[in-house]
Amino acid sequence: QVQFVESGGGLVQPGGSLRLSCAASRSFFGIYGMGWYRQAPGKQRELVAIITSAGITNYADSVKGRFTISRDSAKNTVYLQMNSLKPEDTAVYYCNKPVISTVTSWGQGTQVTVSS
């Protein structure tokens with residue numbers, strides 16, 4: 001079982017930046033892709049970024065050009081660099097498998113709040 005611990009969230013002003021980290025309990029990047037999700041209060045969880053085991057990335061239209069997903073396989077860590085943050089980016093951010101239908105459990109996530 002691979003477990004993930006998200007960190008790096010916080011309060012930031014609109015236009016600011018944050019880098020989120022997701023630490024895995026074991027090595028998996030050579031086999032699996034990863035995704036970043038977010039869930040705002042009263043909203044469904046949505047996938048915002050993915051990276052495949054081959055390093056190919058894709059993004060939701062709402063974050064394209066502003067967010068960058070990356071990984072450090074040696075550290076068993078995946079990152080989400082978030083730039084030009086907007087209030088609508090406010091949510092709890094989670095990392096997990098890139099296909100939500102395959103997800104069986106979620107970690108605690110990390111809170112990102114974008115507010116002036």
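The values are calculated or read from the model by the stated rules, or taken from the named source; none is laboratory data. This structure is a prediction, so every number in the text was calculated from the model and none was measured. A quick note on method: Cβ atoms are made from the backbone with ideal geometry, for glycine too, and the neighbour counts reach across all protein chains shown. For the accessible areas, the whole protein counts, side chains as well, though only heavy atoms, and no ligand, DNA or RNA atoms are used. Shrake-Rupley method; radii C 1.70, N 1.55, O 1.52, S 1.80 Å.
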Checked TRP106, TRP36 against criteria (hydrophobic (A, V, I, L, M, F, W, C) and modelled with pLDDT under 95); the one match is TRP106
Unique match (being among the hydrophobic types (A, V, I, L, M, F, W, C), part of a loop (DSSP other than H, G, I, E, B) and open to solvent by 30 Å² or more (accessible area, probe 1.4 Å)) among VAL63, VAL2
VAL2
Does LYS75 satisfy being closer than 18 Å to VAL5 by Cα, in contact with a Gly (Cβ under 7 Å, 6 or more places away or on another chain) and charged (D, E, K, R)?
no
Looking for something more than 30 Å from SER115 (Cα to Cα), of a type outside the set (Val, Ile, Thr) and touching a residue at least 24 places away in the same chain (Cβ under 8 Å) - is there at least one such residue anywhere in the range 53-74?
yes
Taking the conditions exactly as written (of a type in the set (D, E, K, R), in contact (Cβ under 8 Å) with a residue 24 or more places away in the chain and assigned to a loop (DSSP other than H, G, I, E, B)), does LYS43 satisfy them or not?
yes
Meets criteria (in contact with a strand residue (DSSP E or B) (Cβ under 7 Å, 6 or more places away or on another chain), hydroxyl-bearing (Ser, Thr, Tyr) and closer than 16 Å to GLY9 by Cα) for TYR94:
yes
Selection from the range 90-112 of residues in a strand (DSSP E or B) and among the aliphatic types (A, V, I, L, M) yields ALA91, VAL92, VAL112
